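Q: I'd like to ask some things about the structure below.
Please treat every number below as a calculation from the coordinates, not as lab data. What you are looking at is a predicted structure, and each value in this text was computed from that prediction instead of being measured. Heads up, the Cβs are rebuilt from the backbone with ideal geometry, glycines too, and the neighbour counts pull from every protein chain shown.
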Amino acid sequence: MRHDSVLLIGGSGFIGSCIAARLAETGRRVIVPTRRYARARHLLVLPTVRVVEADVFDERALDALLPQVDAVINLVGVLHSRPGQPWGPAFEHAHVALPRLLARACARHQVRRVLHMSALGADANGPSMYQRSKAAGERLMMDAPGLQVTSFRPSVVFGPGDSFLNLFAKLQALAPVMALGGADTKFQPVFVGDVARAFVEALDHPASIGQVYELVGPQVYTLRELVRLAGVYSGHRRPVLSLPAPLARLQAMALEYLPGGPLMSRDNIDSMKADNIASGDYPLPPHWVPTPLEAVAPGYLRR
Ligand SMILES: NC(=O)c1ccc[n+]([C@@H]2O[C@H](COP(=O)([O-])OP(=O)(O)OC[C@H]3O[C@@H](n4cnc5c(N)ncnc54)[C@H](OP(=O)(O)O)[C@@H]3O)[C@@H](O)[C@H]2O)c1
């Protein structure tokens, strides 16, 4: 069955915008709910995309939106939360409560096809609240009765507008030296265009129902190597100092209190206790040929 109309929750964000563009290219009708219309204004140039201001945590909003679509993509996620057990309130809200609410609403409206965004390293017993809450939300979705769910677990995602390589490029433009926690943690960065393609190709592909896919790039890098590349490509290469774990946690604690939201948190440091690379426990999507970071990142970091 072709799914022609999609509710794209989290469609205003970095990955969501790329998925919205791909869905529009294939002629599908897309509804992007956002908390603030201005955040999604850039999507209005896409001919089949409609932006609506709505609170997707309100059942009545979902009840109004779901009858208009035949599939849902849920991308909502946050990187930081106040502490809590087994995870903090913001993680509970975005990663667990929303999938629960959404699963029930989809069943009520017989919108069976759901694509869910998890994260590489999601693990009920993982070292960070982010990883544990992502695992719980994914489990809820996969187990939801009556739904046809596919879940995706990307490593860190790069591309124009990312908040990873761009952040390290900006910091190196400002600071004389980069003091890093988790410098030796390994990542397998994946291009945002490849992530978007995986979502759109899975949508009408019955074999992807019930699958969890890992989304990783062609190469493994340490965080130190990624920071160095961000410096080289942006033209502001700085020496990288590796911080021992207790100092990295202290630095993260200080960064949690920055005005405008944390740059980094102790929970991010906890996530880096485990490498963020393909585990082999889950398949890659069919015909997966990922884009090398070197082919894309120099172009947008130089700007
Ligand atoms: N970027 C990465 O490297 C990466 C790696 C692995 C997994 N992921 C996962 O991929 C997903 C998308 O990531 P991204 O980088 O595109 O994030 P992003 O740019 O921050 O976008 C997040 C989106 O979620 C929505 N959102 C956030 N909190 C919400 C809330 N409380 N209520 C309603 N909507 C909320 C935002 O919508 P509005 O603000 O418009 O309402 C926004 O569209 C997340 O689940 C993330 O965990 C990302």
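Q: Here is a list: 11, 16. Which entry is touching a residue at least 60 places away in the same chain (Cβ under 8 Å) and within 15 Å of the ligand (Cβ to nearest atom)?
A: Unique residue meeting the criteria: 11.
Q: Does residue 3 count as part of a loop (DSSP other than H, G, I, E, B), more than 30 Å from residue 255 (Cβ to Cβ) and not charged (D, E, K, R)?
A: The answer is yes for residue 3.
Q: Away from the ligand (no atom under 13 Å from the Cβ) and either touching a Lys or Arg at 6+ places or on another chain (Cβ under 7 Å) or under 19 Å from residue 148 (Cα atoms) (or both): is that true of residue 2 in this structure?
A: So residue 2 passes the test.
Q: How many residues are within 13 Å of the ligand (Cβ to nearest atom) and either closer than 17 Å to residue 203 by Cα or assigned to a helix (DSSP H, G or I) (or both) if we restrict to region 32-48?
A: Within region 32-48, residues that are within 13 Å of the ligand (Cβ to nearest atom) and either closer than 17 Å to residue 203 by Cα or assigned to a helix (DSSP H, G or I) (or both) number 8.
Residue-wise test of (1) surrounded by 14 or more Cβ atoms within 10 Å (Cβ to Cβ); (2) in contact with a helix residue (DSSP H, G or I) (Cβ under 6 Å, 6 or more places away or on another chain); (3) of a type in the set (A, V, I, L, M, F, W, C).
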{"residue": "221", "(1), (2), (3)": "yes, no, no"}
{"residue": "230", "(1), (2), (3)": "yes, yes, yes"}
{"residue": "234", "(1), (2), (3)": "yes, yes, no"}
{"residue": "251", "(1), (2), (3)": "yes, no, no"}
{"residue": "254", "(1), (2), (3)": "no, no, yes"}
{"residue": "258", "(1), (2), (3)": "no, no, yes"}
{"residue": "276", "(1), (2), (3)": "yes, no, no"}
{"residue": "279", "(1), (2), (3)": "yes, no, no"}
{"residue": "299", "(1), (2), (3)": "no, no, no"}
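Q: What pairs come out if I take residues in region 179-205 that are hydrophobic (A, V, I, L, M, F, W, C) and pair them with residues that are part of a helix (DSSP H, G or I) and within 12 Å of the ligand (Cβ to nearest atom) whose C-beta lies under 6 Å away, six or more apart or interchain?
A: Matching pairs, first to second residue: 192/15; 192/18; 195/15; 196/18; 196/19; 199/19.
Q: Looking at the structure I just gave you, is residue 80 more than 23 Å from residue 197 (Cβ to Cβ) and within 10 Å of the ligand (Cβ to nearest atom)?
A: no
Q: Additional query: Pick from region 185-207 the residues that are within 16 Å of the ligand (Cβ to nearest atom) and assigned to a loop (DSSP other than H, G, I, E, B): which of them is nearest to residue 297 (Cα to Cα)?
A: The qualifying residue nearest to residue 297 (Cα to Cα) is 189.
Q: Report whether or not residue 95 is within 30 Å of residue 121 (Cβ to Cβ) and either more than 14 Å from the ligand (Cβ to nearest atom) or surrounded by fewer than 21 Cβ atoms within 10 Å (Cβ to Cβ) (or both).
A: On the way: within 30 Å of residue 121 (Cβ to Cβ): yes; either more than 14 Å from the ligand (Cβ to nearest atom) or surrounded by fewer than 21 Cβ atoms within 10 Å (Cβ to Cβ) (or both): no.
No.
Q: While we're looking at this one, here's another question. Taking region 98-151 as the search range and keeping residues that are assigned to a helix (DSSP H, G or I) and polar (S, T, N, Q), which one is surrounded by the most Cβ atoms within 10 Å (Cβ to Cβ)?
A: Looking at the filtered set, the residue picked out is 133.
Q: Next question. Which of the residues spanning region 98-120 are among the polar types (S, T, N, Q) and within 11 Å of the ligand (Cβ to nearest atom)?
A: Scanning region 98-120 gives a single hit, 118.
Q: Checking the conditions here, which among 132, 139 is more than 14 Å from the ligand (Cβ to nearest atom) and out of contact with any Lys or Arg (no Cβ under 9 Å at 6 or more places or on another chain)?
A: 139
Q: A further question follows. Go through region 124-159 and count every residue that is without any contact (Cβ under 8 Å) to a residue 40 or more places away in the chain and within 29 Å of residue 186 (Cβ to Cβ).
A: Residues in region 124-159 being without any contact (Cβ under 8 Å) to a residue 40 or more places away in the chain and within 29 Å of residue 186 (Cβ to Cβ): 4 in total.
Q: Taking the criterion of being within 11 Å of the ligand (Cβ to nearest atom), touching a strand residue (DSSP E or B) at 6+ places or on another chain (Cβ under 7 Å) and over 30 Å from residue 1 (Cα atoms), would at least one residue in region 170-184 satisfy it?
A: Scanning region 170-184, I find no residue that is within 11 Å of the ligand (Cβ to nearest atom), touching a strand residue (DSSP E or B) at 6+ places or on another chain (Cβ under 7 Å) and over 30 Å from residue 1 (Cα atoms), so the answer is no.
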